[in-house]
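First comes the structure, then the notes that go with it.
Throughout, read-outs are computed from the coordinates displayed, never taken from laboratory work. Computed from a predicted model, the values in this text were never measured in an experiment. Here the Cβ positions follow ideal geometry from the backbone for every residue, glycine too, while neighbour counts run over all protein chains shown.
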Amino acid sequence: MALFCLGITTGASAAPAGAPAASVKPAALPPKQDFHLFLLLGQSNMAGRGTVTPQDQVPHPRVLMLNKAGEWVPAVDPLHFDKSIAGVGLGRTFGLEIANATPDATIGLIPCAVGGSPIDSWKPGALDNATKTHPWDDAIRRAKLALQAGTLKGILWHQGESDSKRDLAPAYAAKLADLIARLRTELAAPTAPFIAGQLGKFAESPWDEFKVQVDQTLRDLPGKVPRTAFVSAEGLQHKGDKLHFDADSYREFGKRYAAAYLKLVREPLPGTGR
């Protein structure tokens, strides 16, 4: 059997953001077909920038994450490690919701988001200049490592802020469709659900025409690409920077992503009637 590291939290207070688990011990992963994997892609609002509290670092025995070192550990925030400011995001709550809905499965989250990354960074060989990383290459490498132990069940995407510009927004729809096709091909998962979330819409920072255009692309996605869903961010709040959601909003967003995913997978596959 494959092994992962199961973290045991020994104190009442949360560890600092990015800190390792208090202690670890090896444990057996479930059978491959019962280990349901989800790839987390995009930029900072997928990575998460919410304040971490003790509730965010309580392990769940059936919700794991692939850490930076490629080890399966309990999914506690911060899941991501793209920048030192990574914090609470939507991924952990999504995992908890899916675990509750599928009691016979263990959920494996594969965090790969990179703060500030435009969609052009999500191409083979592309370098993200700000972080000096290769978002696409790194995500595919991590996904294929994870797939040795589990089965891909879905892809979560939150990105678009960096493409909400005059010279980039018009091409966003074509680039997003291409990204989805490449992911499904590379990971041999032609019907993998792809769930895209809406950009933050805050009263203190009204959208310009380019954010409206990117938003429309995300809204239109389910009507253009099979097995995709759009998740509204209506009513969610920012953390004070008019860009990133606050921790409570990330948790609510995770619930919305989970509801969208569960609704999508209960629909018949196109052309199959099942």
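Things worth noting here:
- Each Cα pair under 8 Å and six or more residues apart adds its sequence gap; the mean of these over the residue count of the chain is a relative contact order of 20 percent.
- Relative contact order computed over region 98-146 (Cα-Cα under 8 Å; 6+ residues apart), in percent: 29
- Cα gyration tensor of region 3-265 - equivalent ellipsoid semi-axes, whole Å, descending: 27, 21, 17
- For Leu243, net neighbour charge (Lys/Arg +1, Asp/Glu -1) across residues whose Cβ lies under 10 Å away: +1
- Taking other residues whose beta carbon is less than 11 angstrom from the beta carbon of Arg256, and scoring Lys, Arg as +1 and Asp, Glu as -1, yields 0.
- For Lys175, Lys68, the sequence from fewest to most other C-beta atoms within 10 Å is Lys68, Lys175.
- Cα centroid separation - region 218-274 against region 143-169, whole Å: 13
- Region 67-94 versus region 110-135: alpha-carbon centroid distance in Å: 17
- Gain on full stretching of the segment that runs from Ala174 to Lys242 - 0.36 nm per residue minus C-alpha separation: 21.7 nm
- A full extension of the chain between Ala203 and Lys165 corresponds to an added length of 11.7 nm, given 0.36 nm per residue minus the alpha carbon distance.
- 18 Å Cα-Cα threshold exceeded, pairs from Lys175/Lys211; Lys68/Lys144; Lys201/Lys239; Lys68/Lys123: Lys68/Lys123
- Highest mean packing first, where packing is the average number of other Cβ atoms within 10 Å per residue, the peptides 45-54, 210-219, 237-246 line up as 45-54, 210-219, 237-246.
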